[in-house]
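Down below is the structure, laid out as structure tokens.
The values are calculated or read from the model by the stated rules, or taken from the named source; none is laboratory data. Every value quoted in this text rests on a predicted model; they were computed, and no experiment measured them. All Cβ positions, even for glycine, are placed from backbone atoms using ideal geometry, and neighbour counts span all protein chains on display.
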């Protein structure tokens with residue numbers, strides 16, 4: 001099956017509301033496998049959207065659907081306990097639309113003939129899907145079925161679902177950077193506590209943190225604009241490119257011209273963010289993502305707490321930052337060719353000025 005054919009089958013599944021765990025387990029590796037697959041999927045999306053320009057004329061006749069599409073076997077299976085992934089009229093009718101659009105529907109620039117097109121099928125509401133990035137992890141990007149992406153900071157959890165009329169997200173904790181595929185028919189709605197942030201096509205980030213009895217929400221628009229409603233009874237306010245807003249207790253405070261280099265946006269890069277983390281946890285995180293390994297030589301160092309931002313793939317810079325902060329000292333092992341970075345407790349002279357619970361400077 002060619003990438004174009006595979007892309008059509010996946011798109012049928014998503015339009016039919018079948019984007020649960022079983023389908024996503026197949027889609028994600030296929031999407032990441034090659035640029036050709038991604039181009040094929042985007043081409044299918046554009047073809048589907050193009051049909052809205054010709055909206056108005058009924059359904060495609062069954063006999064107009066090429067036999068090769070009508071007879072295609074559905075290659076997806078449902079997760080245990082879910083409805084089976086069926087290849088019924090939904091599949092035939094959606095694939096029939098692609099046949100009309102790509103085969104003979106558009107006859108060049110002259111558009112000498114408009115072939116009757118099916119109406120957009122109703123996509124029933126699907127079950128919520130969960131997304132999570134654990135504590136002390138590098139930020140992780142996930143591709144959504146309709147082309148948008150979300151980048152999850154460490155210690156972030158949310159759930160999402162897509163219907164025929166909306167793209168809905170509920171942020172439980174943490175921070176997410178969204179790059180939204182434009183779709184005026186389906187607003188992109190992020191709920192963070194009592195705050196709602198709605199976009200059509202833009203790049204924006206949302207953070208949610210517990211502050212006593214209240215939730216603190218922070219939103220920033222990298223490109224485009226979003227509509228923010230800080231509470232059920234609050235008026236909607238607009239945020240444009242470069243603006244940010246802090247919402248707490250239903251009150252919203254807008255900041256203008258927030259730089260991309262602002263420390264509150266530093267997490268979006270390929271960095272670790274540690275907040276009062278034991279050194280042994282930080283070292284384990286670096287070792288998991290890098291060939292060059294760190295090693296704690298003195299056991300008491302393992303429980304020392306550190307904090308800050310560090311480039312995720314530069315363990316040497318991390319070790320030097322700790323050394324400059326007086327938390328560790330880097331020592332050479334017996335093998336001069338070893339790539340292991342060995343961390344020992346600071347020398348006695350440094351220890352006398354050290355509190356015993358270090359906080360390294362952000363990098």
ask   = Which is closer than 29 Å to residue 209 by Cα, modelled with pLDDT under 95 and either in a helix (DSSP H, G or I) or not assigned by TED's automatic domain parsing to the domain that holds residue 241 (or both), of 307, 326?
value = 307
ask   = For the stretch 141-153, how many residues meet the condition of being in a loop (DSSP other than H, G, I, E, B) and out of contact with any helix residue (DSSP H, G or I) (no Cβ under 9 Å at 6 or more places or on another chain)?
value = 2
ask   = Can you name the number of the only condition in (1) assigned to a strand (DSSP E or B); (2) on the phi < 0 side of the Ramachandran plot; (3) not assigned by TED's automatic domain parsing to the domain that holds residue 205 that residue 317 fails?
value = (1)
key: Single match in 232, 260 (criterion: under 28 Å from residue 201 (Cβ atoms), out of contact with any strand residue (DSSP E or B) (no Cβ under 8 Å at 6 or more places or on another chain) and surrounded by fewer than 15 Cβ atoms within 10 Å (Cβ to Cβ))   = 232
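Just give me the residues in the stretch 154-174 being in a loop (DSSP other than H, G, I, E, B) and crowded, with 21+ Cβ neighbours inside 10 Å, in sequence order.
To start, the set of residues in the stretch 154-174 that are in a loop (DSSP other than H, G, I, E, B) comprises 154-155, 163-166.
154 - this is the single residue of the stretch 154-174 that is in a loop (DSSP other than H, G, I, E, B) and crowded, with 21+ Cβ neighbours inside 10 Å.
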Some residue of the stretch 289-302 being out of contact with any helix residue (DSSP H, G or I) (no Cβ under 7 Å at 6 or more places or on another chain) and either closer than 20 Å to residue 133 by Cα or not assigned by TED's automatic domain parsing to the domain that holds residue 344 (or both) = yes
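Return the total of residues in the stretch 263-279 being within 17 Å of residue 327 (Cα to Cα) and surrounded by 15 or more Cβ atoms within 10 Å (Cβ to Cβ).
Looking only at the stretch 263-279, we keep the residues that are within 17 Å of residue 327 (Cα to Cα), and these are 274-279.
Okay, now just the ones that are also surrounded by 15 or more Cβ atoms within 10 Å (Cβ to Cβ), so 274, 277-279.
Residues meeting the conditions: 4.
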query = Which condition number does residue 280 fail, the rest of (1) touching a residue at least 40 places away in the same chain (Cβ under 8 Å); (2) farther than 30 Å from residue 181 by Cα being met?
reply = (1)
inquiry  = Any residue that is over 25 Å from residue 257 (Cβ atoms), surrounded by 16 or more Cβ atoms within 10 Å (Cβ to Cβ) and in contact with a strand residue (DSSP E or B) (Cβ under 6 Å, 6 or more places away or on another chain) - is there at least one of those in the stretch 197-213?
reply    = no
